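Undergrad: Could you have a look at this structure, given as structure tokens, before my questions?
We did not get these values from a lab; they are worked out from the coordinates using the rules stated. Please read all numbers here as calculations on a predicted model, not as lab measurements. Ideal geometry is used to build each Cβ from the backbone, glycine not excepted, and the neighbour counts take in all protein chains shown.
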Amino acid sequence: MYEWRRMTPAERRSILAERRAAGRPWHWPQHEDLGPGAYHITAACYEHAPFIGATPDRMAAFESALLVTLDAHCEEVHAWCVLPNHYHGLVQTGALKGLLGELGRLHGRTSHQWNGEDGARGRKVWHGSEERTMRSERHFWATMNYVHHNPVHHGYVARWEEWPFSSATAYLAEVGRDKARRTWREHPLLDYGKGWDDPEM
């Protein structure tokens, strides 16, 4: 996501020519609908600016709008987390294309609203969204851990349940702490997600 700014002009021209020849979007991975299944959806604010988290009320309103969107296009929302500058969702859906289209419309509505509130018409708010299909049970549970651990990873809180804008508290209540700890040990994060949502990358 952030490597583009470090490329030389020649490297950029080469990447763009390659992507145009393959019929792919220029600056981020092509969305590939692999059919019904579990997907990790993530989207970040432009240059990781904390537009979502400008105020607690904005965070809460965005979380609600995101969940309405996910619920409308997913058979199940396994996990979610909203942070000041990005969000994650682990979902089961047979309508990925429709879901991504609605997320794009959600981004458009929130961009317009927030830029109006902040007196910043024309400001770029969202970078876009990406999805990764879950390829195994191990991948699924590592992703579950990653989504719930994200506020800790970024230093906002020390424990999952201290972050109010995620499904972690409900998850812990449902499965119990013993099972959650066992799942954490059996499906460690290691380098999972490295570079996805770190602004310095």
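Undergrad: Considering only residues that are over 19 Å from the mean Cα position of the chain (by Cα) and of a type in the set (S, T, N, Q), look in the stretch 110-146 and name the one that is farthest from PRO36 (Cα to Cα).
TA: Ranking the candidates gives ASN115 first.
Undergrad: Does VAL91 qualify as being in contact (Cβ under 8 Å) with a residue 60 or more places away in the chain and touching a His at 6+ places or on another chain (Cβ under 9 Å)?
TA: no
Undergrad: With the checklist (1) under 14 Å from the mean Cα position of the chain (by Cα); (2) closer than 23 Å to PRO56 by Cβ; (3) aromatic (Phe, Trp, Tyr); (4) part of a helix (DSSP H, G or I) in hand, flag the one item TYR87 doesn't pass.
TA: Going through (1) under 14 Å from the mean Cα position of the chain (by Cα); (2) closer than 23 Å to PRO56 by Cβ; (3) aromatic (Phe, Trp, Tyr); (4) part of a helix (DSSP H, G or I) one by one, TYR87 breaks only (4).
Undergrad: So, one more: Tell me, which residue of the stretch 111-149 that is among the charged types (D, E, K, R) and not in a helix (DSSP H, G or I) is surrounded by the most Cβ atoms within 10 Å (Cβ to Cβ)?
TA: Filtering the stretch 111-149 for residues that are among the charged types (D, E, K, R) and not in a helix (DSSP H, G or I), the one surrounded by the most Cβ atoms within 10 Å (Cβ to Cβ) comes out as GLU131.
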